[in-house]
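Shown next, in C-alpha cells, is the structure this report addresses.
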Amino acid sequence: MEQLAEQETKQEHGNFNVVLISIQPNTNIIGVKYLHAYLQKNGITSRILILPSYNETMNNTVEKFFNKYKPNLVGLGILTEEFPIITKLTKFLKQKFDFATCMGGYQATIDPKACLEYVDYVIKGEAEDSLLEICQKMRNGEPFLDTPNLVYKKDGQIMKNSMRLPETNLDKYPWHENLPPETYIHHKGKILLMGDDLFKKYSKYSGRVYSLTTTRGCNFKCSFCIHSFIKKMYSEERLNVPLIRTRSVDNVMKELRVMKSKYPDMVYVNINDENFFAHEVDWIKEFSEKYKKDINIPISLVAIPIFFTEEKAKLMKECGLKWVGPGLQTGSEKIQREVYQRYISNEQFLKAAELIHKMEFLPWYDVILDNPFETEEDVIMTIDLILKLKKPYQLKMFSLGFYPGTVIYDIAKEKGLEVYNPFYKNYHKFKKTFLNRFIRLCPILPHKFLKFVVNHRKNKIVQLTFPLVYYPSITILEPFSFLKMAHISFNRDTKRTVKSAMLFFKSFALKKFFNNESIIREKSKIIKLNNQKDFEWKNQIG
C-alpha cells in the first residue's frame, strides 16, 4: 500500500473520477451526500455507490461497475460497527484494482492505524476540504501528502498530518440532494442508477422525510459519544474550535425551498443537529417566521434539556415543531456526572419535560441500558424519573457500547471491564432483563400499575406473570401508542396518519431485513479491556 504515496506525481491532468461508497442499508447517508455535492460543485466527477449490507456475493457486479467507471480514488465512510464488513470489501478492491483508496468517518477518525491495514489513506475529522484538496492535487499531478487531516504510511511508519481548523462559514458548503445525481445502488444482483422508484424503496419512510443540518458540533462531550473524542483530538492539536458552528437562516431556507419545490410530498423535516436549541433566540425567531411562511411542514429534532427554553420552544411551536427528542440517559445523577459526564440534573430534565408537555410537543426520551457501572438502585432511579413523565411519550432505548477513543471506553479500560466488542455490538438490542423490559413498558401501561410492579419485582408471582403482560403490550399496545402520537402530530388527520404509518412500517421492514445484522450475528464477542495495553481490534474482525 505504501507505493500509493508515489502516485502523487503520476496522476494525469484532466478529469478526476471519484466513487464514494456506503454500505448503509438505506439512503440516509447525509455525510456522504455532503461530500458528493462539494466535489461536484468544484468540478470533480463524483459518484455514490450504495451497497446495502454488503456481502461477498456482490463482488462480481461491483467489479463490473469499477471496470466501467475506472475511478482514480475510492472513498469509504464508515461507522465502527461497519468495519468488519468494510474490510472484506476493501480487500477485494485492492486485489482487483490499483486505484487509491481512503477511509473517513467516525471509525477512521478514532483509529486511523487500524484502517490503514486496508486502505491507502485516512482522512480524520470533517473531510470536505481535505478530500477536495487531495482530488485537485492528484488530478494536477501535484504532491498531496501534506494535506491537513491526512494519515498515511511511509516506510512502514504512520504519518499523521496536522488537523485543519474546521470551517466556521458553513454556508460555503452546498446542501445535499435528497436523491443526488449519479447515485448508484446494488439491487437484485445489479448496480443501477437510482431513480425515484429505487429511492423510495431504499429510503426511510419512502423518502418522504427530509433530513438536514443547521449546525455542526455539540455543546456537550458525553463520555459515550464521538464528540468526547473529537473535542480531545482538536484540543491536542491546540485548535480553538467553536462548540457550535451555524449556517445562516437564509442559507438553510434556500435549501428548504428547493426541497419543497422538488419534493412536494414531504411529510416531515428532520433537523439532524446535535443541539438545535443552541441557536441564539434571534436566529430561531428569523427561522420560525420564514419557515412558517415558505415551508410549513412538521419538524422533528433533538434537544438538550438545559438549552430548551420556553421562549425558543414557543417560536418553534409557531412554525410547526411537533416531535422533540431530549436525552435522559439515566435517572442516577451520580452516573450522569461521573460516568457519562453529562451535567444535567434530574430537576432540569423534568423542567424541560414539563415544558414539552405544556407546549403539546410529542417527545421521545433517550435511555441508556446495560451500563455495567450502574447498580440496580441506579436503574430504579431511572424508572422513578420516567414514571414522573406525563404521557404521551416514547422511549428510545440503547444498549451502552464502548467505542475505542471515547472517554467511556477509557474508563472501562482503566477498570478492566468485560464488554461487548464494539465491532459486533448492536446498540439497539438490550439485555432481556426484568428491569430493561419494564422500562420498555413505561410509555404504554398505567404508571400506577407499573409502580406496583416495580415495587414488588422480587415477588415470585409478579416475576411469573410479568411475561403475560410484557409480550401482549409490546405486540399490540406499543404500536397503538405510536399511532396515537402520530395521529396527534398530524393534527388528528386520520388519512395522513394512516399514510404515514404505512411509510413507517415499510421503513421498519427495510431495517429488519436489509440491515447490518450480518455483522452482529457473526459473533457477539465479549472482550476484557486491559489498562496496560490497547486491545488488538484487528485480530477480532475475522
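Summary table below
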| item | result |
| --- | --- |
| Any hit, region 339-348, residues being in a helix (DSSP H, G or I), surrounded by 16 or more Cβ atoms within 10 Å (Cβ to Cβ) and modelled with pLDDT of 95 or more | yes |
| Flag for residue 229 being assigned by TED's automatic domain parsing to the domain that holds residue 368, under 26 Å from residue 398 (Cβ atoms) and modelled with pLDDT under 95 | yes |
| Failed criterion for residue 529 (all others in (1) aliphatic (A, V, I, L, M); (2) modelled with pLDDT of 95 or more; (3) within 21 Å of residue 374 (Cβ to Cβ) hold) | (2) |
| Candidates 26, 17, filtered to the one that is modelled with pLDDT of 95 or more, under 25 Å from residue 181 (Cα atoms) and not assigned by TED's automatic domain parsing to the domain that holds residue 271 | 17 |
| Whichever residue in region 397-432 is in a strand (DSSP E or B) and not aromatic (Phe, Trp, Tyr) and, among such residues, is farthest from residue 366 (Cα to Cα) | 418 |
| Residue list for region 430-455, filter: of a type in the set (D, E, K, R), out of contact with any helix residue (DSSP H, G or I) (no Cβ under 6 Å at 6 or more places or on another chain) and free of Cβ contacts under 8 Å to residues at least 40 places away in the same chain | 432, 448 |
| Residue that is surrounded by the most Cβ atoms within 10 Å (Cβ to Cβ), among those in region 188-207 that are without any contact (Cβ under 8 Å) to a residue 12 or more places away in the chain and part of a strand (DSSP E or B) | 192 |
| Boolean, residue 155 is at pLDDT 95 or above, acidic (Asp, Glu) and either in the same structural domain as residue 65 (by TED's automatic domain parsing) or farther than 21 Å from residue 76 by Cα (or both) | no |
| Long-range neighbours under 6 Å by Cβ, at least six apart or interchain, first residue assigned by TED's automatic domain parsing to the domain that holds residue 62 within region 92-112, second of a type in the set (Ser, Thr, Tyr) | 102/121; 107/80 |
| Strands (runs of 3 or more DSSP E) wholly inside region 234-316 containing at least 2 residues that are in contact with a Lys or Arg (Cβ under 8 Å, 6 or more places away or on another chain) | 244-246, 299-303 |
| Where a residue in region 39-51 is crowded, with 22+ Cβ neighbours inside 10 Å and its partner, wherever it lies, is at pLDDT below 95 and among the polar types (S, T, N, Q), with Cβ under 6 Å and at least six apart | none |
| Residue in region 95-104 that is more than 27 Å from residue 423 (Cβ to Cβ) and part of a loop (DSSP other than H, G, I, E, B) present | yes |
| Hits in region 209-232 - residues which are surrounded by 18 or more Cβ atoms within 10 Å (Cβ to Cβ), in a helix (DSSP H, G or I) and touching a helix residue (DSSP H, G or I) at 6+ places or on another chain (Cβ under 9 Å) | 226, 228, 229, 230 |
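The values are calculated or read from the model by the stated rules, or taken from the named source; none is laboratory data. Computed from a predicted model, the values in this text were never measured in an experiment. Virtual Cβ from ideal backbone geometry, glycine too; neighbours counted across all protein chains shown.
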